[in-house]
1. Residues that are more than 8 Å from chain B (Cβ to nearest Cβ), more than 15 Å from A:MET10 (Cα to Cα), part of a helix (DSSP H, G or I) and at pLDDT below 85: does region A:72-79 have at least one?
2. Could you go through region A:114-122 and let me know if any residue there is of a type outside the set (D, E, K, R), farther than 17 Å from B:SER301 by Cα and facing chain B (nearest Cβ under 10 Å).
3. Whether any residue in region B:251-259 is surrounded by fewer than 14 Cβ atoms within 10 Å (Cβ to Cβ) and either without any contact (Cβ under 8 Å) to a residue 24 or more places away in the chain or within 14 Å of chain A (Cβ to nearest Cβ) (or both) is what I want to check.
4. Can you pull out every residue in region A:80-111 that is small (Gly, Ala, Ser) and either out of contact with any helix residue (DSSP H, G or I) (no Cβ under 7 Å at 6 or more places or on another chain) or more than 16 Å from A:VAL12 (Cα to Cα) (or both)?
5. Looking only at residues in region A:80-113 that are within 7 Å of chain B (Cβ to nearest Cβ) and charged (D, E, K, R), which one is surrounded by the most Cβ atoms within 10 Å (Cβ to Cβ)?
6. Considering each of A:ILE91, A:ILE54, A:ILE79, A:ILE85 in turn, give the residue that is out of contact with any strand residue (DSSP E or B) (no Cβ under 7 Å at 6 or more places or on another chain), at negative phi and either free of Cβ contacts under 8 Å to residues at least 40 places away in the same chain or of a type in the set (Asp, Glu) (or both).
7. Six or more apart or on different chains, Cβ atoms under 8 Å: show the pairs whose first residue is in region B:62-76 and farther than 17 Å from B:ASN263 by Cβ and charged (D, E, K, R) and whose second is surrounded by 21 or more Cβ atoms within 10 Å (Cβ to Cβ) and modelled with pLDDT of 90 or more.
Amino acid sequence: MMYAIPFHHMIVGLSAGAGTLMGICAILAWLSNRVSNLESSKSTLDKASYAASILTLVTLPLAMFSGYYSVSDPTGSAIFYNKFIFSGIAIGFTSSYIAGRIRYGTEIWNHPALANLQMLSALFGLTSIMILGSIGSKITLGESTLDILPLWPEFMNSIVINQWVSLFLVIIGVSSVIISFKMMDSSNKSQI
Amino acid sequence: MKSRIIVVSIILTLLLATSSGVANPGGKGDSNRDFTCGGSCHGDPSLSSPSPAEIQIDMKSTAFSGTATEVSISVSGMELSNNDLIGIFLLGSKNGNNDHPEDYGWQIIQDPNGGTSNYVEIVSSENTVTVSWVLLAPMEEGQKEIFASIQHGSMYNHDNKAFIGETDGFIVNIEPIPENYPTLEEGWVSPDERVSGDSSAIIIRTVNTDSLSVLWRLPGESQSHEASVEMISDQEWEVSIPATLGDTRIEYQIISSMGEFSNQMPWLSIGTSDPYFDGTSLGAKLQSFSIIMIIFGFMLSLQTWFSPRGVSNLVDNTNEVEETISQQNNDYWSRLIKSDENPGWLWDPVEKEWVADPDLSRGEQ
């Protein structure tokens, strides 16, 4: 597609920036319960992280689609396939972060177990986005900043699941989301 | 006047948008090319300069028509650019068109990089390069010429010039093939590469051969090993060479025999390619979507699991909102003052206006 490459570059920059902001602000908001200096900034960090997570959730699928149209064979090698998988992981954790924030509001940071879960969602989302950036850098430049790490996944290989198994997993995933929402409803009713 | 300014502005913008160009400093890859072309304008004297390199062609001065022969090209004394890249041409002439050896009856069985191109690009950190092509000699007898040419950049190259070097023709006498001379069939080409771990046999087609043996070795190995060969049909042989992994190039040498006479051919090589990747676009999308759903469902369940009693969802704040509205209504009605002069009306001292008394109007009606 004609403008897919420049659009992909732009949107990847946005999603990487928003994802980083989401991750860092969420970690700082989580730390604000433990570090007294951060307590006054808790509300600001929470709002910044929330806004950044929404932007990340908008830009990540756009980055996926523009990336798909930027190359001639988007799933022709393991390294491109891995981009789809890590995009899925990043979107999954980012949407979980947003869901947690919508369900519990700012109160989420005042309950240790929920705050830990929220911080982990943001952290895993950020890590997936970092891996995505690293894969992109490997494709375009042949190297990435994360090469300095002693242990790093081999992106030239990927775990390819049969399409029918993937479809079965989609059904399992959708079912698990529906069951989770049902659990939410029953939990709310029991509280009332 | 305004339109002229717009046109001039557009032209200026377009002119400023152009970037300074250099020819292909990173190379253009192996391919079939004529002399001086190389995908650039290197033939232009203002854009090129003679290379200080010394180029030498080494091959047998006599070859039987239609038989395999090897040509080695050694280049030394050059000073390469930062990327250590040099392009080497094997040519049948230096006319600038139809210079490919195949235009003169030669057939490339294998180029130095394992393909069948007459132009290859080599990366060398030293200032000496030796490469070899394996060719089938022309069927036409008589004298034939082979030329070599090079192109490269240079570390101190402020004018971005291409450095060009070339040889004089190396004369090869093509002699008639002896009767029943065992050799490769015309048109047979060595396979470029095999998939990593693939040990499937290589098919070799010959002429005038009643027995065939194949030796193989790994690069740098001095001792060669004999491969298993099986004749699958007349003049067609199946050769089993061990599978390779990584980016190994395995070398092999064909020796075709007819009676007591043997023809030992030049060493050929086969590269190793990455395993075939069987992922599909639909599979990637489904897998990605399933991961999103599973993670989302799992995290939602964990949130519900960890949710302590008393942490109500934002959607359940209806009571708080209703209480706030009720409080605001109470504040409003309590500040209104009854007036005897205007029965049925209440005075709002904040908004400074009369408001109909709902109790009185409801009672009267």
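1. yes
2. Scanning region A:114-122 turns up no residue that is of a type outside the set (D, E, K, R), farther than 17 Å from B:SER301 by Cα and facing chain B (nearest Cβ under 10 Å).
3. Filtering region B:251-259 down to residues surrounded by fewer than 14 Cβ atoms within 10 Å (Cβ to Cβ) leaves B:259.
From what is left, the residues that are either without any contact (Cβ under 8 Å) to a residue 24 or more places away in the chain or within 14 Å of chain A (Cβ to nearest Cβ) (or both) are none.
No, region B:251-259 contains no residue that is surrounded by fewer than 14 Cβ atoms within 10 Å (Cβ to Cβ) and either without any contact (Cβ under 8 Å) to a residue 24 or more places away in the chain or within 14 Å of chain A (Cβ to nearest Cβ) (or both).
4. A:GLY92, A:SER95, A:SER96, A:ALA99, A:GLY100, A:GLY105, listed by residue number.
5. A:ARG103
6. On the way: A:ILE54 fails: either free of Cβ contacts under 8 Å to residues at least 40 places away in the same chain or of a type in the set (Asp, Glu) (or both); A:ILE79 fails: either free of Cβ contacts under 8 Å to residues at least 40 places away in the same chain or of a type in the set (Asp, Glu) (or both); A:ILE85 fails: either free of Cβ contacts under 8 Å to residues at least 40 places away in the same chain or of a type in the set (Asp, Glu) (or both).
Residue meeting the stated conditions: A:ILE91.
7. From region B:62-76, no pairs qualify.
Listed here are the residues, each with its yes/no results for (1) more than 18 Å from A:MET64 (Cβ to Cβ); (2) surrounded by 18 or more Cβ atoms within 10 Å (Cβ to Cβ).
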site: A:VAL12; (1), (2): no, yes
site: A:MET22; (1), (2): no, yes
site: A:SER32; (1), (2): yes, yes
site: A:LEU38; (1), (2): yes, no
site: A:THR44; (1), (2): yes, no
site: A:SER53; (1), (2): no, yes
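The values are calculated or read from the model by the stated rules, or taken from the named source; none is laboratory data. Keep in mind it's a predicted model, so treat the numbers as computed, not measured. Positions of Cβ are generated from backbone atoms using ideal geometry, with glycine treated the same way; all protein chains shown enter the neighbour counts.
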